[in-house]
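To start, the structure itself, in structure tokens.
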Amino acid sequence: MSLVALDIGSSRTKAVLARWDGAIVAVHDAPTPVDAVPGVRHGFPAAAVRDAALALLAGIAPLAPADDPLDAIVLSSLGTAMAPLDASGEPVGLALSPADPRPMAGPGLVVRTGIDAATLIERTGSDPRLASTLLHWCWWRDTEPATFARVARFRSLRGVVTHALCGADAEDPSWASRTMGMDLATDAWSDAILGAAGIDPAILPAIEPSTATWPIDPVVARRLGLPAGVRVVNGGMDNGCAFLGASEPPERRLVNIAGTYEHMAGVGPLPVVRAAAAACDGLVHRYVLPGEYLGYSRVPLGLFLAAIGAAAGDGGLGALLAALPMTPR
């Protein structure tokens, strides 16, 4: 049997058709639809993202070998972006990107929730100074109250596609932990944090394991040209799914995850990962496998490239390099 792994990234959406032994049969990709005006807004139109993802599935599924038919679709997506949906499941606004400047321009989470930074970090593993889904929810609540009043459900972009395929309404712990609304110690939405933020947990999906599966809707399967017996696998957050490639113990100590952002990451028990993250001002999220946690931080190369991009004057890279202490070889 074979499977399609679908990842919704911040710049591109990728579909990989592979055999269960890991052999790759085909790779398709397309730009992730985005609605962005520099310095004004940056988000994802969920319906367009859903349609683009389904088109990739419809295009790659027929390439499955006749002797190895497709039997599973596994999904992952970028963190933070969560689409506000009305009672009919239609988007009422953009799924805000971490690059959207509007939520970050207002009060921070400590002010918005009344919970101190140390407590937020302890409970969620995330830094309240950074972009987060919780901050986005507060922004909708405070800045767009009429839109927020229409929201019956928030779903990740992965969740939107999953729901379209099989009707499931779930996020996994790795993705939910990225929102700052989930308690790391319980794998459940935090009543204390959500209550302080004025967010009703009833508008959030259930938290199900990354390995949870559901049968594809037969009508959707026929429309997309997929086998009727295909199952949809919940999957997880992109960084956690990327780390699955590190299967040997030595590899699991430290892995470079490179995408739109670049991180050094490691997986382990919660106390160890907390200590490692604290030492490098990093983050802690649930891993896609039970009982383990993912800790990561931006790598020096990523910071160096960011500094190059921000270098002023015509000197650019040369001016930056000239300012760095260099040791002769």
Legend entry - Residue in segment 61-77 that is touching a Phe, Trp or Tyr at 6+ places or on another chain (Cβ under 9 Å), buried (at least 21 other Cβ atoms within 10 Å of the Cβ) and in contact (Cβ under 8 Å) with a residue 60 or more places away in the chain present: yes
Inset, instruction - Among the numbered conditions (1) at pLDDT below 95; (2) surrounded by fewer than 22 Cβ atoms within 10 Å (Cβ to Cβ); (3) not basic (Lys, Arg), tell me where Thr80 comes up short. - result: (2)
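Residues checked against (1) surrounded by 17 or more Cβ atoms within 10 Å (Cβ to Cβ); (2) under 18 Å from Trp175 (Cα atoms); (3) modelled with pLDDT of 50 or more; (4) of a type in the set (Phe, Trp, Tyr):
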{"position": "Val267", "(1), (2), (3), (4)": "yes, yes, yes, no"}
{"position": "Val273", "(1), (2), (3), (4)": "yes, yes, yes, no"}
{"position": "Ala278", "(1), (2), (3), (4)": "no, no, yes, no"}
{"position": "Tyr287", "(1), (2), (3), (4)": "yes, yes, yes, yes"}
{"position": "Arg298", "(1), (2), (3), (4)": "no, no, yes, no"}
{"position": "Leu303", "(1), (2), (3), (4)": "no, no, yes, no"}
{"position": "Gly309", "(1), (2), (3), (4)": "no, no, yes, no"}
{"position": "Gly313", "(1), (2), (3), (4)": "no, no, no, no"}
{"position": "Leu324", "(1), (2), (3), (4)": "no, no, no, no"}
Legend entry - Conditions (1) among the polar types (S, T, N, Q); (2) open to solvent by 10 Å² or more (accessible area, probe 1.4 Å); (3) at pLDDT 95 or above; number of the one not met by Thr179: (2)
Inset, instruction - Enumerate the pairs (first residue in segment 180-203 and β-branched (Val, Ile, Thr); second residue anywhere and surrounded by fewer than 20 Cβ atoms within 10 Å (Cβ to Cβ) and outside any loop (DSSP other than H, G, I, E, B)) with beta-carbon separation below 8 Å, excluding pairs fewer than 6 apart on the same chain, so at least 6 apart or on different chains. - result: Ile193/Arg123; Ile193/Asp183; Ile199/Arg141; Ile203/Arg153
Legend entry - Residues of segment 73-101 classified as in a strand (DSSP E or B), of a type outside the set (Val, Ile, Thr) and over 15 Å from the mean Cα position of the chain (by Cα), total: 3
Legend entry - Exclusive hit being touching a residue at least 12 places away in the same chain (Cβ under 8 Å), touching an Asp or Glu at 6+ places or on another chain (Cβ under 9 Å) and crowded, with 23+ Cβ neighbours inside 10 Å, set Ser156, Ser132: Ser156
Inset, instruction - Filter segment 212-222 down to residues that are of a type outside the set (Gly, Ala, Ser) and in contact (Cβ under 8 Å) with a residue 24 or more places away in the chain and give me whichever is most open to solvent (accessible area, probe 1.4 Å). - result: Pro215
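The values are calculated or read from the model by the stated rules, or taken from the named source; none is laboratory data. Because the structure is predicted, anything quoted here is derived from the model rather than measured. Here Cβ is always computed from backbone atoms with ideal geometry, including for glycine, and neighbour counts include all displayed protein chains. The accessibility values were calculated without ligands, DNA or RNA, using every heavy atom of the protein model including side chains. Shrake-Rupley method; radii C 1.70, N 1.55, O 1.52, S 1.80 Å.
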